[in-house]
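Some notes on the structure that comes next.
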Amino acid sequence: MSCFGTAKRHDKLGALTASNRAEAAEALAVCEQLFRVLAEKEYGKARRLLEIHSDMIVIGGEAGGE
């Protein structure tokens, strides 16, 4: 593989890693928000948060968005 091809591959991997980090940070923020809402026993608000972010919920070992 040429140097150009290797550099291109690394650029794609770097973007993928950054994308994964961004998704993980967003999911963590949603979890933290949901935890606070549940701790305050605001179950209706918790249900709405879960509905809004249903694409992040993992069911049976597979992510809902994949």
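Bear in mind that the values in this text are calculations on the coordinates, not laboratory data. Treat the numbers as computed from the prediction; the structure is a model and nothing was measured. Cβ placement follows ideal geometry from the backbone for every residue including glycine, while neighbour counts extend to all protein chains displayed.
Using the Cβ of A29 as centre and a radius below 12 Å, the other residues enclosed give a net charge of -2, where K and R count +1 and D and E count -1. Of the peptides 32-41, 15-24, the order by per-residue mean of other Cβ atoms within 10 Å, starting with the highest, comes out as 32-41, 15-24. Between the amide H of I57 and those of G64, distances stay under 5 Å, these residues lying 5 or more places away or on another chain, with hydrogens modeled in the peptide plane. The string of couplings for segment 46-53 from the Karplus curve (6.51, -1.76, 1.60, θ = phi - 60°) is 5, 4, 5, 4, 5, 5, 4, 9 Hz, one whole number per residue in order, with x for Gly and Pro. Computed from the C-beta positions of L16 and E51 and an R0 of 30 Å, the FRET efficiency is 0.55 to the nearest 0.05.
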